[in-house]
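Heads up, the thing below is written out as structure tokens.
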Amino acid sequence: MDEILQFIKRFIPRKLFNTLAPTYHYSLAYLGSVLYRHPSKKLIAIGVTGTKGKSSVTEMINSIFETAGYKTILLNTIRWKVLDKTEPNTRKMTIPGRFFIQKMLRRGLDHGCEVAILELSSEAAKQYRHKYIYLDALVFTNLTPEHIEAHGSFENYRKAKLSLAESLLSKLKKRSVIVANADDPEAKHFLEYGAREKFPFSLKDAYPYVARPEGIEFTYKGVHIHSPLRGLFNIQNALAAATVGDAFMIPLQAIKDGLEKLSLIKGRVEFVYAKAGQAFDVVVDYAHTASSLTELYKTFSGQRIIGVLGNTGGGRDKWKRPEMARVADTFCEEIILTNEDPYDEDPEQILKDMLPGFKLHTPTMILDRRAAIHEALSRARAGDVVLITGKGTDPYIMMANGKKLKWSDYEVAKEELLKVLSKT
């Protein structure tokens with residue numbers, strides 16, 4: 001359907017298209033729900049939104065509910081799952097088209113699933129892809145500037161996020177739950193939106209807590225939890241998931257076990273190992289904003305960081321290009337700028353737009369992403385960490401004229417790492 005829309009868009013004046021598009025999107029959402037007989041009405045549906053941490057929180061919630069014995073459906077940027085059958089998300093979309101979502105929910109319901117956990121984005125809200133998904137709960141992680149050019153302003157971006165909570169205002173479901181990160185100043189808007197049950201959480205709820213190279217440790221309601229996942233941000237993500245579990249009366253032991261057994265979230269602080277004796281770390285991460293880069297780099301502050309990063313084209317948030325460069329300039333010892341998803345923009349110009357952000361270091365520009373990764377690995381010394389950011393599990397590099405190059409940062413990094421290590 002979305003391909004048809006893009007084809008039609010070429011022949012309709014922009015003003016007319018923008019006028020008709022909302023009706024088109026809304027109608028599809030309604031038809032999809034009707035066609036698959038409103039499956040979310042019969043499921044516990046939990047949505048997760050925010051700027052950062054959405055995929056990680058959905059994975060954590062899923063692990064908690066599975067540990068507690070529930071059969072689950074999971075849709076996020078990383079993968080789609082019904083029961084124990086999982087497949088990678090290859091659509092380059094957090095939420096695919098309306099028919100796809102409703103079909104997945106119906107399939108899960110027909111296979112005995114009781115809970116659906118969905119990552120929800122502002123772009124999806126803008127196109128009404130969330131409509132007729134009847135939520136029992138919405139989780140708010142945080143809100144920082146992103147997609148501002150697409151939405152027109154930060155206020156519009158917030159409004160799009162808040163619209164995801166609209167179904168909580170209805171009386172269609174027994175539960176109407178908001179779980180919100182009270183440490184974020186934007187949380188008040190979500191907590192005041194009108195959900196009947198409000199569950200704020202804060203980092204202070206995890207005290208005593210610590211983030212070490214070997215993982216995170218924190219306390220939740222008197223229960224000590226240790227996870228191999230890295231970074232202070234993952235304590236916040238785990239708190240969000242634990243709060244959801246608690247809101248749905250999951251036993252504390254199941255919350256603890258569910259979080260502790262989740263040892264990897266694909267594309268999120270994912271370590272790449274090629275062979276025994278590897279003297280430096282290589283990490284792939286989805287971080288693609290200044291704030292997410294900051295948190296990632298802080299996690300590895302005890303190591304010499306070699307950063308591989310770029311920026312997205314297609315007119316997406318050009319303002320953040322020098323901002324991300326400033327973060328890399330602050331935390332990295334060496335920086336390699338490379339192609340990410342140029343879409344219809346000049347890849348070289350995207351990287352040039354980042355250059356004003358560098359004051360301490362002169363970055364190396366290598367457009368070929370594979371060559372850039374190889375160069376970074378070649379520069380690594382014992383104890384260093386090479387952080388390859390921006391794509392995570394993204395399956396393609398998006399090019400001009402709708403072309404796309406099949407891609408995996410993890411697989412490419414592993415292949416190039418083997419080449420580098422074979423020379424030593």
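Numerical summary
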{"quantity": "Only one of 377, 418 that is closer than 19 Å to residue 296 by Cβ and touching a residue at least 24 places away in the same chain (Cβ under 8 Å)", "calculated": "377"}
{"quantity": "Residue match in segment 274-281 (condition: under 23 Å from the mean Cα position of the chain (by Cα) and closer than 20 Å to residue 389 by Cα)", "calculated": "yes"}
{"quantity": "Which listed residue is surrounded by fewer than 19 Cβ atoms within 10 Å (Cβ to Cβ), of a type in the set (Asp, Glu) and within 22 Å of residue 78 (Cβ to Cβ), from 246, 257", "calculated": "257"}
{"quantity": "Test: residue in segment 115-127 that is assigned to a loop (DSSP other than H, G, I, E, B) and either over 22 Å from residue 289 (Cβ atoms) or among the basic types (Lys, Arg) (or both)", "calculated": "no"}
{"quantity": "Inter-residue pairs, beta-carbon under 6 Å, first more than 14 Å from residue 58 (Cβ to Cβ) and in segment 79-106, second of a type in the set (Asp, Glu) and in a helix (DSSP H, G or I), 6+ apart", "calculated": "97/2"}
{"quantity": "Residues located in segment 45-83, provided they are surrounded by fewer than 21 Cβ atoms within 10 Å (Cβ to Cβ) and farther than 22 Å from residue 102 by Cα", "calculated": "68, 69"}
{"quantity": "Residue satisfying all of: in segment 77-114; polar (S, T, N, Q) and part of a loop (DSSP other than H, G, I, E, B); farthest from residue 54 (Cα to Cα) among these", "calculated": "90"}
{"quantity": "Candidate set: segment 298-341, residues that are touching a residue at least 60 places away in the same chain (Cβ under 8 Å), farther than 26 Å from residue 398 by Cα and outside any loop (DSSP other than H, G, I, E, B); chosen: the one farthest from the chain's Cα centre (by Cα)", "calculated": "305"}
{"quantity": "Among (1) hydrophobic (A, V, I, L, M, F, W, C); (2) under 17 Å from residue 309 (Cα atoms); (3) touching a Leu at 6+ places or on another chain (Cβ under 7 Å) - the single one residue 380 does not satisfy", "calculated": "(3)"}
{"quantity": "Any hit, segment 1-24, residues being closer than 15 Å to residue 133 by Cβ and either at pLDDT 90 or above or not in a loop (DSSP other than H, G, I, E, B) (or both)", "calculated": "no"}
{"quantity": "Criterion: at pLDDT 95 or above and crowded, with 18+ Cβ neighbours inside 10 Å - qualifying residue of 415, 345", "calculated": "345"}
{"quantity": "Condition check for residue 119: surrounded by 23 or more Cβ atoms within 10 Å (Cβ to Cβ) and on the phi < 0 side of the Ramachandran plot", "calculated": "yes"}
{"quantity": "Cross-chain or 6+ apart pairs with Cβ under 9 Å, segment 249-278 first and free of Cβ contacts under 8 Å to residues at least 60 places away in the same chain and under 18 Å from residue 66 (Cα atoms), then aromatic (Phe, Trp, Tyr) and surrounded by 13 or more Cβ atoms within 10 Å (Cβ to Cβ)", "calculated": "252/220; 256/220; 264/271"}
{"quantity": "Residues within segment 365-392 that are over 21 Å from residue 321 (Cα atoms) and buried (at least 23 other Cβ atoms within 10 Å of the Cβ), tallied", "calculated": "1"}
{"quantity": "Lone unmet requirement of (1) without any contact (Cβ under 8 Å) to a residue 24 or more places away in the chain; (2) crowded, with 16+ Cβ neighbours inside 10 Å for residue 199", "calculated": "(1)"}
{"quantity": "Segment 171-195, residues that are of a type in the set (Lys, Arg), exposed (fewer than 15 other Cβ atoms within 10 Å of the Cβ) and touching a residue at least 24 places away in the same chain (Cβ under 8 Å)", "calculated": "174"}
{"quantity": "Criterion violated by residue 388 - all others in (1) in a loop (DSSP other than H, G, I, E, B); (2) at pLDDT 95 or above satisfied", "calculated": "(1)"}
{"quantity": "Strands (runs of 3 or more DSSP E) contained entirely in segment 197-258, each with at least 1 residues that are among the polar types (S, T, N, Q) and under 20 Å from residue 141 (Cα atoms)", "calculated": "215-220, 223-227"}
{"quantity": "Count - residues of segment 84-116 that are surrounded by fewer than 20 Cβ atoms within 10 Å (Cβ to Cβ) and in contact with a Lys or Arg (Cβ under 6 Å, 6 or more places away or on another chain)", "calculated": "4"}
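Residue-wise test of (1) charged (D, E, K, R); (2) at pLDDT 90 or above.
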residue	(1), (2)
59	yes, yes
74	no, yes
83	no, yes
115	no, yes
127	no, no
136	yes, yes
141	no, yes
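This table checks each residue for (1) part of a strand (DSSP E or B); (2) aliphatic (A, V, I, L, M); (3) at pLDDT 95 or above.
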position	(1), (2), (3)
144	no, no, no
155	no, no, no
160	no, yes, no
167	no, no, no
180	yes, yes, yes
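The values are calculated or read from the model by the stated rules, or taken from the named source; none is laboratory data. Bear in mind the structure is a predicted one, so any value in this text is a computation, not a measurement. Glycine also receives a Cβ, built like all others from the backbone with ideal geometry; neighbour counts cover every protein chain displayed.
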